[in-house]
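So the structure is just underneath, and the comments pick up after that.
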Amino acid sequence: MWPNIAPILLTCTLQLLTASACIAQETRETLTIMVEDAAAPWSKSDGTGYANDVVVAAFKEMGIEVRLRVVPYSRCKYMVLSGQVAACFNMSWQPEFEGKIKLAAQPIFKVSNDVFEHINTPLPKPPDGKCVLPPGTVVGITRDYEYSAQVTALQTSGVVLENSISDLTSLQKLAARRFQAVLVMSNDLETRNQKAIQSGTEDLVRFAFNCGMLDSTIGFSLTHPDGLRALEMYDEGYRRIKANGALKDIHMRWFPWLHWP
């Protein structure tokens, strides 16, 4: 009698485990958020990137499956500011976000605001560590990107900031002398002229000086019904993947040549 019961118990146990797995799959929470499409190596047009992996991993740690919608940054920013999506990345704090967006507690990466010049019409060199340009200088920026306080001060001093659709387009306009300077988002993982190479302008433009650094991370809508809860889940998930080594694994997968901090 006992030998006959064992297979029955095993079958029932397997059925219960299968049923539990099915229920877990059916009830797994999903969240759709937006990500910019032109910020390699952080977030690329094909939906991959270091930042993308970090965000997905942090939510997964909390049992949430993230669906990324890859869009131009201007749309990403507009949609989270208007509360139409719960979150957008990669964002840096600006005063206009007050009361509308709250950024995650930890930055995903840092960006440098670098001024580029045309090699045949160099800019006046500012004092070391200063971000200064003559009033009336026309500087290309990327539409809806966030820039440092030093860049804001440039505009206040009379520098003219003109929008372009991307850093690459701005560099091409600089090469054609439609701009006198360009502000480029750079990082310490690539050579400073990486975007000049990508835009085909490396023989005509060059780095001039720096205008500050910014933290970049994921921003959450304060008006979207899922915004604040998603922020809490992400912050806790990020803390966990940092503690359990998953964040280090992502970092080493993308940047094996860099020492983990």
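Summary table
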| quantity | calculated |
| --- | --- |
| Count of segment 120-158 residues which are under 21 Å from the mean Cα position of the chain (by Cα), among the polar types (S, T, N, Q) and not in a loop (DSSP other than H, G, I, E, B) | 3 |
| Residues being open to solvent by less than 40 Å² (accessible area, probe 1.4 Å) and outside any loop (DSSP other than H, G, I, E, B) - total across segment 104-119 | 9 |
| Restricting segment 211-257 to residues that are closer than 15 Å to Leu103 by Cα and hydrophobic (A, V, I, L, M, F, W, C), the residue that is surrounded by the fewest Cβ atoms within 10 Å (Cβ to Cβ) | Leu228 |
| Only one of Val115, Val111 that is touching a Ser or Thr at 6+ places or on another chain (Cβ under 7 Å), within 16 Å of Gly212 (Cα to Cα), of a type in the set (A, V, I, L, M) and in contact (Cβ under 8 Å) with a residue 40 or more places away in the chain | Val111 |
| Unique match (being modelled with pLDDT of 95 or more and among the acidic types (Asp, Glu)) among Asp53, Asp128 | Asp53 |
| All positions within segment 168-206 that are farther than 19 Å from Ala39 by Cα and either among the hydrophobic types (A, V, I, L, M, F, W, C) or surrounded by fewer than 15 Cβ atoms within 10 Å (Cβ to Cβ) (or both) | Leu174, Ala175, Ala176, Arg177, Arg178, Phe179, Ala181, Asp203, Leu204, Val205 |
| Within segment 153-186, considering residues that are hydroxyl-bearing (Ser, Thr, Tyr) and in contact (Cβ under 8 Å) with a residue 40 or more places away in the chain, the one nearest to Ile119 (Cα to Cα) | Ser186 |
| Answer residue from segment 57-72, given it is more than 10 Å from Ile33 (Cβ to Cβ), among the hydrophobic types (A, V, I, L, M, F, W, C) and not in a strand (DSSP E or B) and is least open to solvent (accessible area, probe 1.4 Å) among those | Ala58 |
| In segment 120-134, the residues that are over 21 Å from Arg177 (Cβ atoms) and loosely packed, with under 11 Cβ neighbours inside 10 Å | Pro127, Asp128, Gly129 |
| Residue selected from segment 74-103 under the condition of a type in the set (Phe, Trp, Tyr) and open to solvent by 20 Å² or more (accessible area, probe 1.4 Å), by the criterion nearest to the chain's Cα centre (by Cα) | Trp93 |
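One line per residue, one yes/no per condition, for (1) free of Cβ contacts under 8 Å to residues at least 40 places away in the same chain; (2) more than 30 Å from Asn193 (Cα to Cα):
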position	(1), (2)
Thr30	yes, yes
Ile33	no, yes
Gly47	yes, no
Ala57	no, yes
Glu61	no, yes
Tyr78	no, no
Trp93	no, no
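The values are calculated or read from the model by the stated rules, or taken from the named source; none is laboratory data. Everything numeric here is computed off the predicted structure, so don't read it as measured data. Ideal geometry is used to build each Cβ from the backbone, glycine not excepted, and the neighbour counts take in all protein chains shown. Surface areas here come from the heavy atoms of the whole protein model, side chains and all, with no ligands, DNA or RNA. Shrake-Rupley method; radii C 1.70, N 1.55, O 1.52, S 1.80 Å.
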